[in-house]
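Accompanying notes for the structure given below.
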Amino acid sequence: MPTLKFMFAVLTLLGSSIAAAADFTLEERIAKGYELAADRNAGNCFSCHMAEGAEQPGNSGPPLIMMQLRYPDRDQLKAQIADPRMRNPNTNMPPYGAHHILTDQELEWMVDFVHSL
Amino acid sequence: MKHAVTLALFTTLSLSVWAGPEEDRTAFVQFFEKRFPSIALEEHVNGAYALDEDKRKQWEALESGFPPYEDAVFDGEALWDESFANGASYSDCFGDSPAVKQHYPLWDAERGGVVTLELAINNCRESNGEKLLDYTDYAMVALSAYVAFESRGEPIAIEVPDQAALAAYEEGKAFYYQRRGQLNFACSSCHLEMAGNKLRSERLSAALGHVTHWPTYRSKWDEVGPLHKRFMECNDQVKAKAFELQSEEYRNLEYFLSYMSNGLPLNGPTTRK
């Protein structure tokens, strides 16, 4: 009996989070990604990357332009942000997913944003 | 025969031991020569201002006139000249001239540890029955500011005299290259690999010359503060654990970093943003 109740709870939880994610339009998700990229206490991506809309960007990383062309595969882009050490073990880019700097949801928004560049 | 082998072994061993820090330093210096071919090595004592024209102009304006570390130097001189309760004074520990900063940090074989200038000041007080100064205390900052000022122009002359000293040096070196914190940066990520780059609008200074000008007035601190306070801030920035002022970790780190700057002229105190 308690198992059933528990399963029901999990199902409702899952259902509500799916609903919440679907609540945002692509534009809103891009905007959320941008906020996180600009926030010094979150992505702080612009400290290293030039990108459209970046204020006082740094220059330690390559400019983020034409990203859909360079990363047609969304998962590959997400992997690059989540753990850039996979591609370059000596990278100076922080491992945003592996070190829990951004949550998985935030990484998704970040990918939406970067893909829009 | 057996003797000859042992002797040969011993010589190669000790050779490699003594060559270590000097080889490291040569590689370190060459790295920056290659990265900044148009910048004279000695220029790096000016940190980010050696690499950024615009910022240098603002800085030179701040340095001229009445630089904000001047009071600390004057107050430090007065403290230096005061006698302890037992009649002795700092010159009984440090010699007649306060121009000694180039030798610090030094390896103290008796105590088995790296002694920074600040620690030496406290050791002097202790051996004369005075109470120890807190490392954040204005008196400590002022005393070290005075010694730094008097030592201006002296080339850094750090020595690694024996095996135990070498171990401390190696600890400091390992710390320097160790990635740490949530953001996964080593000191070397920012001050070697990315030196000269901009992080936002901040120009990253070269590690070479990092130790030549302390204590330093920082606008951000609104006061003169020690090198280890800057270490703490750089650790904090990458969300890594910061150590205490004068902790063994930071003293060893200062030892390594100072050795890397051997030969560069002292130019403290100074000002930074």
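Just need the relative contact order of chain B here, percent rounded to a whole number, with Cα pairs under 8 Å and 6+ apart.
Values: 423 pairs, mean separation 71.2, N = 273.
Once normalised by length, the contact order is 26 percent.
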Original post:
So which of B:198/B:241; B:220/B:241; A:78/B:55; B:131/B:220 end up more than 26 Å apart, counting from Cα to Cα?
Top reply: A:78/B:55; B:131/B:220
Subject >> In nm, spacing of pseudo-spin labels at residue A:87 and residue B:61 (7 Å Cα→C-beta vector) >> reply: 4.2 nm
Original post:
HN-Hα J couplings of the stretch B:97-102 from phi, Karplus 6.51/-1.76/1.60, θ = phi - 60°, integer Hz, Gly and Pro as x?
Top reply: 9, x, 7, 10, 4, 4
Subject >> Mean Cα-pair separation over length for the stretch A:25-115, i.e. relative contact order, pairs under 8 Å, 6 or more apart, % >> reply: 33 percent
**OP:** Take the alpha carbon gyration tensor of the stretch B:129-273, find the square roots of its eigenvalues, order them as a ≥ b ≥ c, and report rounded if a/c is under 1.5; if not, report prolate when a/b exceeds b/c, else oblate.
**Re:** rounded
**OP:** With an 8 Å cut-off on Cα pairs and a minimum separation of 6 or more residues, tell me the relative contact order of the stretch B:70-150 in percent.
**Re:** 45 percent
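Please give me, ordered by residue number, the trypsin sites (Lys or Arg not before Pro) of the stretch B:60-149 that lie in loop per DSSP and have at most 13 other Cβ atoms within 10 Å. Numbers along the way, then the final one.
Details: sites: B:101, B:111, B:125, B:131; in loops: B:111, B:131.
Loop-located and lightly packed - B:111, B:131.
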Subject >> Lys/Arg +1, Asp/Glu -1 at C-beta; the protein assembly as shown dipole; positive extreme among B:121, B:262, B:238 >> reply: B:238
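Based on the Cβ-Cβ distance from residue B:167 to residue A:75, what FRET efficiency comes out when R0 is 51 Å, to the nearest 0.05? Could the numbers behind the result be given before it?
On the way: r = 47 Å, r/R0 = 0.92.
The formula returns an efficiency of 0.65 here.
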Subject >> Residue-averaged beta-carbon neighbours from other chains (10 angstrom radius) around B:201-210 >> reply: 1
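Using +1 on the beta carbon of Lys and Arg, -1 on that of Asp and Glu, and nothing else charged, what's the dipole of chain B about the Cα centre, debye to 20? Mind showing how you got there, number by number?
Numbers: 27 positive and 42 negative charges, 277 e Å.
It comes to approximately 1340 debye.
Take each complete run of DSSP H in chain B, measure how far its Cα atoms stretch along the helix's own axis, and keep only those covering 30 Å or more with mean Kyte-Doolittle hydropathy at least -1.0; list them.
Qualifying helices: B:2-35.
For the protein assembly as shown, with only Lys/Arg (+1) and Asp/Glu (-1) charged at the beta-carbon, what is the dipole magnitude about the Cα centre, in debye rounded to 20?
Values: 36 positive and 56 negative charges, 315 e Å.
I would put it at about 1520 debye.
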Subject >> Shielding score for A:71-77, defined as the mean number of other chain Cβ atoms within 10 Å >> reply: 0
Original post:
Name the GluC sites (Glu not before Pro) in the stretch B:185-273 that are in a loop by DSSP and that have at most 11 other C-beta atoms within 10 Å, would you?
Top reply: B:244
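I'd like the chymotrypsin sites (Phe, Trp or Tyr not before Pro) in the stretch A:20-60 restricted to DSSP loop residues with at most 15 other Cβ atoms within 10 Å, sorted by number.
On the way: sites: A:24, A:34, A:46; in loops: A:24.
Hits after loop and neighbour filter: A:24.
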Original post:
In whole angstrom, how far apart do the alpha carbon centroids of the stretch B:18-44 and the stretch A:38-117 sit?
Top reply: 33 Å
Subject >> Cβ-isolated cysteines (cut-off 4.7 Å), chain B >> reply: B:187, B:190, B:234
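Please say if the protein assembly as shown is rounded, prolate or oblate, where rounded means a/c under 1.5 for a ≥ b ≥ c the square roots of the C-alpha gyration tensor eigenvalues, and otherwise the choice is prolate for a/b larger than b/c and oblate otherwise? Spell out each step's value before the answer.
On the way: a/c = 2.02, a/b = 1.79, b/c = 1.13.
Prolate, because a/c is 1.5 or more and a/b exceeds b/c.
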Subject >> From phi via Karplus (6.51, -1.76, 1.60), per-residue ³J(HN,Hα) for the stretch A:83-88 in Hz, x at Gly/Pro >> reply: 7, x, 5, 4, 8, 9
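Starting with the highest mean, order B:79-91, B:256-268 by the number of other Cβ atoms within 10 Å, averaged over the residues of each peptide.
Numbers: B:79-91: 13.5, B:256-268: 21.7.
Answer by packing, highest mean first, reads B:256-268, B:79-91.
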Original post:
Is the stretch A:25-115 best put as rounded, prolate or oblate by its Cα gyration tensor, with a ≥ b ≥ c the root eigenvalues, rounded for a/c under 1.5, and otherwise prolate when a/b is larger than b/c, oblate when not?
Top reply: rounded
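Read-outs throughout are calculated quantities, based only on the coordinates presented, and are distinct from any laboratory measurement. Quantities reported herein were computed from a predicted structural model and do not represent experimental measurements. Cβ atoms come from the backbone with ideal geometry, glycine included; neighbour counts cover every protein chain shown.
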